[in-house]
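Taking it in order: structure first as structure tokens, then the write-up.
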Amino acid sequence: MEETLDFAQRVHSGKPQLSLACRLIQNTGVRKRHIVQPIEQTLRHPGFEERNRIYEAESKKRVPEVVEEALSNADLAARDIDAIVYVSCTGFLMPSLTAWMINTMGFRSDTRQIPIAQLGCAAGGAAINRAHDFCAAHPESNVLIVACEFCSLCYQPEDDDVSSLLSDGLFGDAVAAAVVRGSGGVGVSLERNSSYLIPGTEDWISYAVRDTGFHFRLDRRVPGTMEPLAPVLDEFAAGHGWDVRDLDFYIIHAGGPRILDDLAKFLDVDRKMFRHSWATLVEYGNIASAVVLDALRRLFEEDAPSPAASGMVAGFGPGITAEMAVGSWVVD
């Protein structure tokens, strides 16, 4: 946090919105973030082409180790995977990184590829839901989820509006992976999923794509979106016969402190129930689609929930879109 504020004061000195942006950054609660390049390189803009080259090089460097750990945790090998869901909104490759993974990491040539590139922070929840759908359609299948987000590569030195400066102090870089098994294993047994888009909000979170790359745009109304979304989550849980106020665990996208505080308030849930999401925000910042996977990791590493414990996964992003799932903790 201290380094972020120091860089902001130095790099954007004299900008009229700087004082407000720094106060907002301090209020995010983010203490530490990780980035793929040294900060001095991150603050320079070598051009869109070079940034995308860095995205490709860093993703190929960092994804394999994370995937191997996820496969090991699931007691599976690459050849056991039937589909790969790859999500990212901070770089672009065609073919998707899934093709490179199949060619270099031992996945079968008939592995289905499901790249998702334009759901932003909601993509982590969407990836879980699409993996659930695939396993429901193809019983006994196994799906690998990979989230690769290098938000620092979207830093734009010339953008000095409040939303841009705030995002510069909030987002971090991360690679995450998880496996959805068709049967067996330990974790959240996915039982139902859903998606909801708040009408008329499609321009509230967006990219302006220019010669210099992706310019992040954030409407000031975004932090208030939990008020209309909380009833949606409530109704979704009720449709499964559960009370959203009385679940045993919650894996929630940590978009920022107000998102988590407001959702706890409007769902009438103790703020401490979102502790895994808060920890991700404090230690990594907003890592976009990887947030829900990191929060899920923390659930695994804490004292495991008792069998049949009920829970919800929810990711939020551009649209404004909510991707939701409910499930029970199982031990094979």
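Things worth noting here:
- Within segment 280-289, considering residues that are hydrophobic (A, V, I, L, M, F, W, C) and out of contact with any helix residue (DSSP H, G or I) (no Cβ under 6 Å at 6 or more places or on another chain), the one nearest to G317 (Cα to Cα): I287
- Sole residue being in contact (Cβ under 8 Å) with a residue 24 or more places away in the chain and not acidic (D, E), chosen from V186, V209: V186
- Tally of residues being modelled with pLDDT of 95 or more and assigned to a loop (DSSP other than H, G, I, E, B) across segment 96-118: 8
- Candidates R108, R130, R44, R79: the one that is of a type outside the set (S, T, N, Q) and surrounded by 13 or more Cβ atoms within 10 Å (Cβ to Cβ) is R130.
- In segment 41-67, the residues that are of a type in the set (S, T, N, Q) and modelled with pLDDT of 95 or more: N52, S59
- Applying the criterion of being touching a Phe, Trp or Tyr at 6+ places or on another chain (Cβ under 8 Å) and among the hydroxyl-bearing types (S, T, Y) to the residues of segment 157-195, the residue that is surrounded by the fewest Cβ atoms within 10 Å (Cβ to Cβ) is S189.
Every residue, every condition in (1) modelled with pLDDT under 95; (2) assigned to a strand (DSSP E or B); (3) among the hydrophobic types (A, V, I, L, M, F, W, C), yes or no:
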site	(1), (2), (3)
A174	no, yes, yes
A177	no, yes, yes
S195	no, yes, no
S206	yes, yes, no
F216	yes, yes, yes
P228	no, no, no
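- For A237, the conditions (1) on the phi < 0 side of the Ramachandran plot; (2) more than 19 Å from the chain's Cα centre (by Cα); (3) assigned to a strand (DSSP E or B) all hold with the exception of (3).
- Qualifying residue in segment 258-270 (condition: within 26 Å of R130 (Cα to Cα), over 17 Å from the mean Cα position of the chain (by Cα) and surrounded by fewer than 18 Cβ atoms within 10 Å (Cβ to Cβ)): no
- Residue within segment 290-300 that is over 25 Å from E235 (Cβ atoms), assigned to a loop (DSSP other than H, G, I, E, B) and hydrophobic (A, V, I, L, M, F, W, C) present: no
The values are calculated or read from the model by the stated rules, or taken from the named source; none is laboratory data. Just so it is clear, the model here is predicted, and its values are computed rather than measured. So basically every Cβ, Gly included, is an ideal-geometry build from the backbone, and we count neighbours across all protein chains shown.
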